[in-house]
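Data first, discussion second: the structure below is written as structure tokens.
The values are calculated or read from the model by the stated rules, or taken from the named source; none is laboratory data. Note that the coordinates shown come from a computational prediction; the quantities given were computed from them, not determined experimentally. Positions of Cβ are generated from backbone atoms using ideal geometry, with glycine treated the same way; all protein chains shown enter the neighbour counts.
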Amino acid sequence: MKKKGKKPKINKKAIVLFIFIVTSIYICYTIFLLIKQPTNTFMLEEGEVYQQETNVGYIIRKEQVIKGENYANGMEKIKTEGEKTAKGESIFRYYSKNEEKLKQQIAELDTKIQDVMASETGIYSSDMKIIENQIDEKIAQVRNVVDVSKLEEDKKEIDELITKKAKIAGDKSPKGSYLNQLIAERSKYESELNSGAEYIKAPESGIVSYRVDGLEDKLTINNFSELSKKYLESLNLKTGKIVATNEEEGKIIDAFTCYLATLSNTEEAKSSKIGDKVKIRLSNNEEVDATIEHIAKQENDEMLIIFKFNNQISELTNYRKISFDLIWWQYKGLKLPNQAIVNKDGLDYVVRNRAGYLDKCLVKVTKKNDDYSIIKAYSTEELKQIGFNENEINQYKSIAMYDEVQLNPDLSKVD
């Protein structure tokens, strides 16, 4: 019998290497073709064109600093930073002198009063029962309270009810004289505590802030005409720096209006007018509508411009100088690169490519920046206004979305 011949072995490594080499050659050739002859068309799609610049701005607000007499005793904040308050609400308070010691003495007396009352029996009257029910109800309500000022009020009411209950017990108890003595002593300490504490209330409604930087009476809404580049730079403020919290005073900020002063030497700034509408993009990427409130020309044709806006005010309470994007204008429509447009005899043209057929199309540029333009086709009435006759209007070729236009077109090759 003849032996069967062995099948030749397939070199898998050689095949993989061959495929890799062929693929690499193809990729390199494709890149070469792109470099040698890059794509020269652009598809028309809906887009947005805007003119913006990045500036630094000084925050100006209507704000009122509030400070009491007993600031040296230390402050307890009732309203938190950035919280809104109504006029007349307590914002913070200053501790009374020897407050900790007085609180400790009152707490010790409360324990003694509770012990005496617990040791007595048979003194429960209908009045006592009513007060106990009121205390229980108030304690149940307190469990769901998150407002600090409301919590303080509820606690005070509970203390008053407990004291009232103790006085009734003192009148009916065999140990009444001792209980009344404890109650009188507690009232004395409590009166001393309350008389020493100073509650500071909001003179106006607004946003509460404890970030007082001393510029509240220097950067105000009443002195726009006094502001200048030299003055703003003399403040030596660091962009984006958070204003430190003050432990002796606070302030109320107008919750509805804020101002931003900036300097610019762009053409848009030089041609701007009071009342012009712009957009301001803050560091949190939120855009707010703003109006130019004040303009003053500075040295070297630089413009000092103050914008007024009504949103994102609480987000800016931490700062006095910020970086922001100033958007002078925004337009939406058919967007294409400026190098696709050729101006001839005062009119703008693009070259449209449809299935290899090239057409010169007259377009109307509605807005443009340094890189892109927003365009549209002319209406029949607009064509008449620029001098087109009836035959030219009938032959007018308009552009539309998803049309392909040439970049850097040569109109002579289309004519």
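Each row is one residue, and each column tells you yes or no for (1) under 20 Å from GLU302 (Cα atoms); (2) over 19 Å from the mean Cα position of the chain (by Cα); (3) polar (S, T, N, Q).
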position	(1), (2), (3)
VAL243	no, no, no
THR257	no, no, yes
THR262	yes, no, yes
THR266	yes, yes, yes
ASP276	yes, yes, no
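Do we find a residue being free of Cβ contacts under 8 Å to residues at least 12 places away in the same chain and either more than 21 Å from MET43 (Cα to Cα) or part of a strand (DSSP E or B) (or both) anywhere in the stretch 308-317? Spell out how you get there, then give the answer.
Filtering the stretch 308-317 for residues free of Cβ contacts under 8 Å to residues at least 12 places away in the same chain gives none.
No, the stretch 308-317 contains no residue that is free of Cβ contacts under 8 Å to residues at least 12 places away in the same chain and either more than 21 Å from MET43 (Cα to Cα) or part of a strand (DSSP E or B) (or both).
Please work out which residue is surrounded by the most Cβ atoms within 10 Å (Cβ to Cβ), limiting yourself to the stretch 65-95 and to residues that are in contact with a helix residue (DSSP H, G or I) (Cβ under 6 Å, 6 or more places away or on another chain) and either at pLDDT 95 or above or not aromatic (Phe, Trp, Tyr) (or both). Walk me through how you get there before you give the answer.
Taking the stretch 65-95 first, the residues in contact with a helix residue (DSSP H, G or I) (Cβ under 6 Å, 6 or more places away or on another chain) are 78, 82, 90, 94-95.
Imposing the further condition that a residue be either at pLDDT 95 or above or not aromatic (Phe, Trp, Tyr) (or both) reduces the set to 78, 82, 90.
Numbers: ILE78: 22, GLY82: 16, SER90: 16.
That would be ILE78.
If you check ASP213 against the conditions, is it out of contact with any Pro (no Cβ under 8 Å at 6 or more places or on another chain), among the charged types (D, E, K, R), surrounded by fewer than 20 Cβ atoms within 10 Å (Cβ to Cβ) and closer than 26 Å to LYS279 by Cβ? Give the derivation first.
Numbers: out of contact with any Pro (no Cβ under 8 Å at 6 or more places or on another chain): yes; among the charged types (D, E, K, R): yes; surrounded by fewer than 20 Cβ atoms within 10 Å (Cβ to Cβ): yes; closer than 26 Å to LYS279 by Cβ: no.
When the stated conditions are applied, ASP213 does not pass them.
How many of the residues in the stretch 336-363 are part of a strand (DSSP E or B) and of a type in the set (Asp, Glu)? Show your work before the answer.
Start the filter on the stretch 336-363 by keeping residues that are part of a strand (DSSP E or B), which leaves 336-337, 342-344, 347-354, 357-363.
Filter once more, so that each one left must be of a type in the set (Asp, Glu): 348, 359.
Within the stretch 336-363, residues that are part of a strand (DSSP E or B) and of a type in the set (Asp, Glu) number 2.
The lone criterion from (1) at pLDDT 95 or above; (2) in a loop (DSSP other than H, G, I, E, B); (3) surrounded by 15 or more Cβ atoms within 10 Å (Cβ to Cβ) left unmet by ASP254 is number (2). With respect to being crowded, with 17+ Cβ neighbours inside 10 Å, among the polar types (S, T, N, Q) and touching a residue at least 24 places away in the same chain (Cβ under 8 Å), THR262 fits the description. Per the listing ILE375, ILE322, the residue uniquely in the same structural domain as ILE280 (by TED's automatic domain parsing) and of a type in the set (Val, Ile, Thr) is ILE322.
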